[in-house]
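Engineer: I have a structure here, written as structure tokens, and I will follow up with some questions on it.
The values are calculated or read from the model by the stated rules, or taken from the named source; none is laboratory data. Keep in mind the model is a prediction, meaning the values are calculated, not measured. Glycine also receives a Cβ, built like all others from the backbone with ideal geometry; neighbour counts cover every protein chain displayed. Please note that ligands, DNA and RNA were not included when accessible areas were found on the heavy atoms of the full protein model with its side chains. Shrake-Rupley method; radii C 1.70, N 1.55, O 1.52, S 1.80 Å.
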Amino acid sequence: MRISGAEAVIRCLLEEGVDLVYGYPGGAIMPVYDELYKFQDQLHHVLVRHEQGATHAAQGYARATGKVGVAIATSGPGATNLVTGIADAQIDSTPLVCITGQVGRHLLGSDAFQETDIIGISTPVTKWNFQITEASQIPEIIAKAFYIARSGRPGPVLIDITKNAQFDEFDFSYEKCTGIRSYVPVPKLNLDKVAEAAALINSAKKPFIVFGQGIILGQAEEQLKAFIEKSGVPAGWTILGLSALPTDHPLNVGMLGMHGNYGPNLLTNECDVLIALGMRFDDRVTGKLSTYAKQAKVIHFEIDPAEVDKNVKTEVAVLGDVKEALNAILPLIDAKSHDLWHNEFKELYKIEVETVINEELNPTNGKGISMGETLEMINKHSKGDAIIVSDVGQHQMFACRYAKFNSTKSNITSGGLGTMGFALPAAIGAKMGKPEREVVAIIGDGGFQMTIQELGTIFQTQVPVKIVVLNNEFLGMVRQWQELFFDNRYASTKMINPNFVAIAEGYHIKSKKVTQREDLDAAVAEMMASKDSYFLEVMVEKENNVFPMIPTGACVSEIRLS
Amino acid sequence: MEDKTFTISVYSENNVGLLNRISGIFLKRHINILSLNVSESEIENVSRFIIVVNTTEKWVQNIVGQIEKQIEVIKAFYHTDEETIYLENALFKIASSLLFDEKQIQNIIKDSQSTIVTVSRDFFVISKSGRRSEIEELYEKFKPYGIMQFVRSGRISVSKEKMEISTLLETFK
Ligand SMILES: Cc1ncc(C[n+]2csc(CCOP(=O)(O)OP(=O)(O)O)c2C)c(N)n1
């Protein structure tokens, strides 16, 4: 079949099972857009309002479905606008394939109109990238791109295609990529290491599990549950591991890290065996490394060999697929309950409830609506079944601390990069990927204005996402730091905001603003009941702080409750 | 941990963008590359990078892990100076007149076991292979007479231990 490179791009995407792409057209990618027009019955293209929105939407789609998200942009500014989302996907291991147009081959390197070295720019933030300059390379490279993006530790791949390669015709055929000579996506499981790990776990008096997104990416949720239940080991999660284990599971002891729960952070420095499952000891989780879990023997289940011993020295490293590893270790684990040890978590949780959580969820200080109680209200009406997409800031920490989840792949947030502006477009992608689920975006007044234009995408596509802006008229998280560590000097964190409801209504999105506590319940109920997209602005207490908190550079046992 | 000189060897598929990716790994960690050499290896279509850095063993392990993660990299190793046979190559361009006027020059060439690559009416070129210190020593000897041009290559090295790349490649097939 003799077809153009542009048509080949579309056919390759279809071969990979893609039915939805996010993008924005422009000169250097026009041949591909022309084919999108022809194939619109099979391949749905969502026109975002800014290319950053395309990458975040593709991320939301990928995180909610486990499939590869696809974003398309033109050369130059279109390509550079993708970069923030690509960097975010790289650090959070999200599978993306980004396709950018490029000037014609004969113009490369001539500073032609809208020429940017996007290969050079994206190299540090992609798992792999490649510039295609001839049409005939398209099938092989796109097949490789999908294979690399989704295999092993997933990540973003960028393919840059020169305009001549889109126009030229060649004999098309497609073969999926199943392996690359120099690339070992999943290290082979070493059963001796599994046995060593099992022996260590069986001998432990105070074992503690910390799990991360690896569980979700490796589809090992069932195995995790079985492992926890048999071994009786309490389990805490990193922000990206959230929702892999139901919130109300009796052995779920909460969140780790800077704004995590009191017990799991404190007891990290008391456990004798620390079992890390699919997590990478991010510095937001470990705090000061030199004092992190020094008393513990660390077992690290990890797919990426470069992560082992990178931050924390391990006693036993179990490299490989986490699902396979957990399946292998389960029969070797003694059934135990560790009641006394578990009680230590419960005691500390009680303290946290009394000093922080009660007041956050049922404020008595007369100040104003709290972010925490808004989250509780969302829990009440979603019953833990919604996908919660959070942006970055205080509201994100409240969302991750208080949102309840019954099922996996339900918490979508920008963890490693902390990208404000992530949530609105990511929610669009999540809802399109999982139309049967309720998707609620929780966003601050700051982050909302970073990608507010995607309200236009919501209006145009009629995607029924629910948007909750928690408006404290501050860049809250930065303000909190200014209060605590910079003597209340609120440099450039006060926000004079526009009429958000009017803006949302300008995009024909049903909207409501809540300023009084007594109106919150009804408003959230109305939002959740809506069949259409819905915008809810909640005016929250201006100077509320997120606690507990481990100050940067402090040790996990120095966690502060106030 | 103390800083040491490490030689990192990277076996990789031949790919346009790889040098950029690899150098980025050093850049990101603010580690200076002391010398870099890329050439074909003993295996067809497989390139070999030799990168010399001065850093701690912890860092070099970490860097090698990140390098190995790159899709086109087959395998990366690191070695200390004691574990490798290594040398650099240098070219000295010197005015031809000196060869006849300064008898000492001929002795220097002979003693240093360097070779004359070419001689023309105006200049001659000496090539010297060896450790950095040997080349520097020779440089100091020529210097008083005047060196028209001098250039030194990156380090090339082979390890004393076996590096089972061919067998590794077999397992990939
Ligand atoms: C793109 C980007 N710029 C700057 C920051 C730094 N930053 C982190 S949190 C934050 C404040 C967020 O404010 P807002 O969106 O209003 O949420 P709040 O903290 O008030 O809930 C800022 C500026 C960031 N994370 N991302």
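Engineer: Consider B:L87 carefully, then state whether it is within 18 Å of the chain's Cα centre (by Cα) and more than 14 Å from chain A (Cβ to nearest Cβ). Can you show your working first?
Structural biologist: On the way: within 18 Å of the chain's Cα centre (by Cα): yes; more than 14 Å from chain A (Cβ to nearest Cβ): yes.
Against the criterion (within 18 Å of the chain's Cα centre (by Cα) and more than 14 Å from chain A (Cβ to nearest Cβ)), B:L87 qualifies.
Engineer: Would you check which residues across the range A:400-423 are away from the ligand (no atom under 11 Å from the Cβ) and of a type in the set (A, V, I, L, M) and list them?
Structural biologist: Start the filter on the range A:400-423 by keeping residues that are away from the ligand (no atom under 11 Å from the Cβ), which leaves A:400-413, A:415-416.
The answer is A:A403, A:I412.
Engineer: Whether any residue in the range B:131-146 is part of a strand (DSSP E or B), open to solvent by 80 Å² or more (accessible area, probe 1.4 Å) and either modelled with pLDDT of 95 or more or in contact with an Asp or Glu (Cβ under 6 Å, 6 or more places away or on another chain) (or both) is what I want to check.
Structural biologist: Initially, the range B:131-146 is screened for residues part of a strand (DSSP E or B), giving none.
No, the conditions are met nowhere in the range B:131-146.
Engineer: Show me the helices (runs of 4 or more DSSP H) found entirely inside the range A:425-503 where at least 2 residues are within 14 Å of the ligand (Cβ to nearest atom) and open to solvent by less than 10 Å² (accessible area, probe 1.4 Å). Can you show your working first?
Structural biologist: Working: elements: A:445-448, A:455-461, A:476-485.
Correct list: A:445-448, A:476-485.
Engineer: Which is of a type in the set (S, T, Y) and either open to solvent by 60 Å² or more (accessible area, probe 1.4 Å) or more than 14 Å from chain B (Cβ to nearest Cβ) (or both), of A:T314, A:T355? Before the answer, list the steps.
Structural biologist: Values: A:T314 fails: either open to solvent by 60 Å² or more (accessible area, probe 1.4 Å) or more than 14 Å from chain B (Cβ to nearest Cβ) (or both).
That would be A:T355, the only listed residue that is of a type in the set (S, T, Y) and either open to solvent by 60 Å² or more (accessible area, probe 1.4 Å) or more than 14 Å from chain B (Cβ to nearest Cβ) (or both).
Engineer: Evaluate the following for A:I369: is it in contact with a Lys or Arg (Cβ under 8 Å, 6 or more places away or on another chain), among the β-branched types (V, I, T), in contact (Cβ under 8 Å) with a residue 60 or more places away in the chain and within 16 Å of the ligand (Cβ to nearest atom)?
Structural biologist: Details: in contact with a Lys or Arg (Cβ under 8 Å, 6 or more places away or on another chain): yes; among the β-branched types (V, I, T): yes; in contact (Cβ under 8 Å) with a residue 60 or more places away in the chain: yes; within 16 Å of the ligand (Cβ to nearest atom): yes.
In short, yes.
Engineer: Here is a further query. Just checking, does the range A:151-163 include any residue being in contact with a Ser or Thr (Cβ under 9 Å, 6 or more places away or on another chain), part of a helix (DSSP H, G or I) and open to solvent by less than 20 Å² (accessible area, probe 1.4 Å)?
Structural biologist: Going residue by residue through the range A:151-163, those that are in contact with a Ser or Thr (Cβ under 9 Å, 6 or more places away or on another chain) are A:153-163.
Now restrict to residues that are part of a helix (DSSP H, G or I): A:163.
Now drop any that are not open to solvent by less than 20 Å² (accessible area, probe 1.4 Å), which leaves none.
Checked against the condition, which is being in contact with a Ser or Thr (Cβ under 9 Å, 6 or more places away or on another chain), part of a helix (DSSP H, G or I) and open to solvent by less than 20 Å² (accessible area, probe 1.4 Å), the range A:151-163 yields no hits at all.
Engineer: Can you name the residue in the range B:69-78 that is in contact with a strand residue (DSSP E or B) (Cβ under 7 Å, 6 or more places away or on another chain) and more than 15 Å from B:L34 (Cα to Cα) and, of all such residues, is farthest from the other protein chains (Cβ to nearest Cβ)?
Structural biologist: B:F77
Engineer: Let me ask another. Hey, among A:D334, A:D385, A:D391, A:D321, which residue is away from chain B (no Cβ under 14 Å), surrounded by 18 or more Cβ atoms within 10 Å (Cβ to Cβ) and more than 16 Å from the ligand (Cβ to nearest atom)?
Structural biologist: Numbers: A:D334 fails: surrounded by 18 or more Cβ atoms within 10 Å (Cβ to Cβ); A:D385 fails: surrounded by 18 or more Cβ atoms within 10 Å (Cβ to Cβ); A:D391 fails: more than 16 Å from the ligand (Cβ to nearest atom).
The conditions single out A:D321.
Engineer: Among the residues of the range A:125-134, are any more than 22 Å from A:P31 (Cβ to Cβ), touching a strand residue (DSSP E or B) at 6+ places or on another chain (Cβ under 9 Å), within 14 Å of chain B (Cβ to nearest Cβ) and open to solvent by less than 10 Å² (accessible area, probe 1.4 Å)?
Structural biologist: Let us first name the residues in the range A:125-134 that are more than 22 Å from A:P31 (Cβ to Cβ), namely A:125-128.
This time we only want the ones that are touching a strand residue (DSSP E or B) at 6+ places or on another chain (Cβ under 9 Å), so: A:125-128.
Still in the list and also within 14 Å of chain B (Cβ to nearest Cβ): A:125-128.
Next, from what is left, pick out any that are open to solvent by less than 10 Å² (accessible area, probe 1.4 Å): A:126, A:128.
Yes, because at least one residue in the range A:125-134 is more than 22 Å from A:P31 (Cβ to Cβ), touching a strand residue (DSSP E or B) at 6+ places or on another chain (Cβ under 9 Å), within 14 Å of chain B (Cβ to nearest Cβ) and open to solvent by less than 10 Å² (accessible area, probe 1.4 Å).
Engineer: For the range A:46-55, does any single residue satisfy the condition of being hydrophobic (A, V, I, L, M, F, W, C) and out of contact with any helix residue (DSSP H, G or I) (no Cβ under 8 Å at 6 or more places or on another chain)? Reasoning before the result, please.
Structural biologist: Kept after step one, since they are hydrophobic (A, V, I, L, M, F, W, C), are these residues of the range A:46-55: A:46-48, A:54.
After this cut, where a residue has to be out of contact with any helix residue (DSSP H, G or I) (no Cβ under 8 Å at 6 or more places or on another chain) as well, the list is none.
Checking the range A:46-55: not a single residue is hydrophobic (A, V, I, L, M, F, W, C) and out of contact with any helix residue (DSSP H, G or I) (no Cβ under 8 Å at 6 or more places or on another chain).
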